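**Q** Following this message is one structure expressed as structure tokens.
The values are calculated or read from the model by the stated rules, or taken from the named source; none is laboratory data. Please read these numbers as outputs of a predicted model, since none were measured by experiment. Reconstructed Cβ throughout: ideal geometry from the backbone, glycine too, with neighbour counts over all protein chains shown. Ligands, DNA and RNA are stripped out before the accessible areas are found, and what is left, the full protein with its side chains, is counted by its heavy atoms. Shrake-Rupley method; radii C 1.70, N 1.55, O 1.52, S 1.80 Å.
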Amino acid sequence: MAKAVDKAYQLIRDGIMTGRYKQGAHITAQELAEDSGLSRTPVREAMRRLHSEGVIQIIPNRGAFVASWGEEDIGQYFELATVLESFAAELAASRITDKELVELSQLVDEMNRLVELSPPRMDEIHQVNDQFHKKIMAASGNSRLEHYLQSMIEAQLVLGTLREYSPEELKRSALQHGELVAALEARDATWARSVMTTHLLSARHAFMRTLGPHLG
């Protein structure tokens with residue numbers, strides 16, 4: 001049962017990440033079960049898990065919907081993400097292992113490769129970006145911070161921020177990832193915090209520039 005729930009969770013998550021299930025879309029256990037080839041029981045459990053993470057909204061007597069974000073919601077998200085992820089990067093500078101640094105460098109190389117493709121492979125870039133930020137989060141060594149950041153990172157699934165980036169913005173984001181790894185390798189907490197802050201501020205401006213006029 002647990003494996004079926006995990007599979008359903010990942011399939012729904014991927015559907016949101018790729019934009020198949022869009023913000024505000026009404027989704028049902030029956031529909032998701034048919035899409036995934038699973039029974040409704042593990043799908044319902046996966047939906048409850050995604051609801052607890054804020055990715056899906058379950059409204060009594062109405063059903064389940066992919067979370068929909070307005071301009072104020074997005075502004076608050078980036079404010080909080082900037083504070084928490086920058087703090088995580090600062091902590092990681094003194095706690096990250098050599099193995100984790102190697103893994104982060106490999107992710108940076110992969111992102112650089114993906115953003116140079118024409119057109120860029122957005123689904124794969126999203127996955128690499130997700131892994132990168134989660135490794136920083138884990139390297140902070142603060143389990144409570146990691147818990148809070150988990151829901152912040154999952155929120156990016158709904159927003160789909162990277163899907164709206166121009167090729168130049170994607171390349172800039174990849175470069176910022178590389179600079180962050182350099183800061184971590186130098187064990188420079190101030191530099192790491194600064195780079196993460198810059199990274200998230202630029203992400204906010206890129207996202208709001210593209211979607212601001214169309215937000216609900």
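**Q** Can you compute the radius of gyration and Dmax for segment 4-137, using only the Cα atoms, both in Å?
**A** For segment 4-137, the Cα radius of gyration and maximum Cα-Cα distance read 17.4, 51 Å.
**Q** Find how much the distance from Gln57 to Glu124 grows on full extension, using 0.36 nm per residue of separation minus their present alpha carbon separation; answer in nm with one decimal.
**A** On the way: separation 67, 0.36 × 67 = 24.12 nm, distance 2.59 nm.
Here the segment from Gln57 to Glu124 would lengthen by 21.5 nm.
**Q** Report the gain in length on full extension from Arg209 to Lys3: 0.36 nm times residue separation, minus Cα-Cα distance, nm rounded to one decimal.
**A** Values: separation 206, 0.36 × 206 = 74.16 nm, distance 4.02 nm.
Full extension from Arg209 to Lys3 adds 70.1 nm.
**Q** Taking the Cβ-Cβ separation of Ser166 and Thr41 as r and a Förster radius of 30 Å, what is the calculated FRET efficiency to the nearest 0.05?
**A** 0.10
**Q** In addition: Of Ala33, Ala46, Gly19, whose Cα points farthest to the positive end of the dipole of segment 1-123 (charges on the beta-carbon: +1 Lys, Arg; -1 Asp, Glu; origin at the Cα centre)?
**A** Working it through, the farthest residue towards the positive pole turns out to be Ala33.
**Q** In percent, what relative contact order does the chain have, based on Cα pairs under 8 Å that are 6 or more apart in sequence?
**A** It comes to 27 percent, rounded to a whole number.
**Q** Relative contact order of segment 1-56, please, whole-number percent, based on alpha carbon pairs below 8 angstrom and at least 6 residues apart.
**A** After rounding, I find 45 percent.
**Q** Can you pull out the trypsin sites (Lys or Arg not before Pro) in segment 48-126 that DSSP calls coil and that have at most 12 other Cβ atoms within 10 Å?
**A** Filter output for segment 48-126: Arg62.
**Q** Which helices count as membrane-span-like in the chain under these terms: full DSSP H, at least 24 Å along the axis by C-alpha, Kyte-Doolittle mean of -0.5 or more?
**A** Working: long enough: 71-95 (36 Å, 0.07); 98-115 (26 Å, -0.22); 122-139 (25 Å, -0.66); 143-159 (25 Å, 0.18); 167-185 (27 Å, -0.37); 189-211 (33 Å, 0.18).
Passing helices, by number: 71-95, 98-115, 143-159, 167-185, 189-211.
**Q** List, in the order given, every pair from Lys3/Lys134; Lys7/Lys171; Lys7/Lys135 whose Cα-Cα distance in the structure shown is over 28 Å.
**A** On the way: Lys3/Lys134 22 Å; Lys7/Lys171 32 Å; Lys7/Lys135 22 Å.
From Lys3/Lys134; Lys7/Lys171; Lys7/Lys135, over 28 Å: Lys7/Lys171.
**Q** A further question on this structure: Counting just the Cα atoms, what span does segment 91-204 cover along each of its three principal axes? Round to the nearest Å and put the largest first.
**A** So the three principal-axis extents are 37, 27, 23 Å.
**Q** Where only protein heavy atoms count, and the probe is 1.4 Å, what is the accessible area per residue for the chain in Å²?
**A** 50 Å²
**Q** Taking the Cα centre of the chain as origin and charging only Cβ (+1 Lys, Arg; -1 Asp, Glu), how large is the dipole, in debye to the nearest 20?
**A** Roughly 500 debye for the chain.
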